[in-house]
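Structure first, then comments.
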Amino acid sequence: MAFDYESLIASIPDYPEPGVVFKDITPLLADPEGFNALVNDLADRFSDKGVTKVVGAEARGFMVGAPVAFKLGAGFVPARKPGKLPREVRSQEYALEYGTNSLEMHVDALVPGDKVLLIDDLAATGGTAIAQVKLVEAAGAEVVGMGFLLELAFLDPRGVISQATDAEIHSLVTIM
């Protein structure tokens, strides 16, 4: 039986801007059974892909991606906001629902031949995922899958992401 993730995700209206409904996953992360189910369900889904590295975007992608990497026996690579990494980085700009931002990754974090799983809490417009795909490919590595806790299907992230990669996309909760 599938875990009821939605019961542990709080919807916060008008955050961070009016009209946006923020999906707060901290109650799920605080629940031992829920957090364990989240990590296991994502790791199990991609256990046959030969994953060598998991990339997670700042900051909630860290919270989910690092334990998934541990479960898979893979390394974890943070994709951070500008200016947060101390060594040479690659940078990729992307569009948000309400502006632009960029992600950075150390240039030596991935190597050709790495099989990369992208993990994040939310797939909305697809911009963050596409930025990560571009960073992975710039390193000569291959995206073998993407795992999300939540997918906002009404924004069509799958359609957007599929224009950048043919990697498998898996979401545990789809919001129509």
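The values are calculated or read from the model by the stated rules, or taken from the named source; none is laboratory data. Note that the structure is a prediction, hence the values are computed from the model and not measured. Here the Cβ is made from the backbone with ideal geometry for all residues, glycine too, and neighbour counts use every protein chain on show. Each accessible area value is taken on the protein alone, full model and side chains, heavy atoms only, with ligands, DNA and RNA left out. Shrake-Rupley method; radii C 1.70, N 1.55, O 1.52, S 1.80 Å.
Can you give me the C-alpha center-to-center distance between the stretch 1-41 and the stretch 132-164, rounded to a whole angstrom? Cα centres, the stretch 1-41 to the stretch 132-164: 21 Å. Treating r as the C-beta distance of residue 24 and residue 166 and R0 as 30 Å, the FRET efficiency rounds to 0.40. Loop-located GluC sites (Glu not before Pro) in the stretch 63-109 (DSSP state not H, G, I, E or B) with no more than 10 neighbouring Cβ atoms inside 10 Å: 88. Only the Cβ atoms of Lys and Arg (+1) and of Asp and Glu (-1) were treated as charged; on that basis the dipole of the stretch 3-129 about its Cα centre amounts to roughly 560 debye.
I'd like the per residue volume of the convex hull spanned by the Cα atoms of the stretch 1-73, given in cubic angstrom.
Details: hull volume 7.6 nm³, N = 73.
Per-residue hull volume (Cα only) is 103 Å³.
GNM on the chain, alpha-carbon springs under 10 angstrom: the most fluctuating residue among 64, 107, 51 is 107. What the Cα atoms of the chain give is an Rg and a Dmax of 15.3, 45 Å.
Calculate how many DSSP beta bridges within the chain are antiparallel, expressed in % of all such bridges and rounded to the nearest 5.
Details: 13 of 37 bridges.
For the chain, the DSSP antiparallel bridge percentage is about 35.
The candidates 87, 60, 158, arranged from most to least accessible area with a 1.4 Å probe in the full protein assembly, appear as 87, 158, 60. At a probe radius of 1.4 angstrom, the accessible area of the stretch 27-96 per residue rounds to 51 square angstrom.
I'd like the FRET efficiency for residue 12 and residue 36, computed as 1/(1 + (r/R0)^6) with the beta carbon distance as r and R0 of 25 Å, rounded to 0.05.
On the way: r = 24 Å, r/R0 = 0.98.
Efficiency, from the Cβ-Cβ distance: 0.55.
Of all complete DSSP H helices in the chain, not one has a Cα span along the helix axis of 30 Å or greater and a mean Kyte-Doolittle hydropathy of 0.5 or more.
Would you be so kind as to identify which of 66, 125, 86 lies farthest towards the positive end of the dipole of the chain, taking Lys and Arg as +1 and Asp and Glu as -1 on Cβ and the Cα centre as origin? Checking the options against the dipole of the chain, the answer is 86. Under the simplified labelling scheme, the residue 4-residue 107 pair shows an inter-label distance of 5.2 nm, with each label point 7 Å from Cα along Cα→Cβ.
Largest GNM mean-square fluctuation across 100, 26, 128, computed for the chain with C-alpha springs under 10 Å, falls on 100. Here is the list for the stretch 64-150: chymotrypsin sites (Phe, Trp or Tyr not before Pro) lying in DSSP coil, each with at most 14 other C-beta atoms within 10 angstrom of its C-beta, are 98.
Dividing the summed -39500 (n - 2.57) terms of all DSSP H runs of n ≥ 4 by the residue count of the chain sets its mean residue ellipticity at 222 nm at -8000 deg cm²/dmol.
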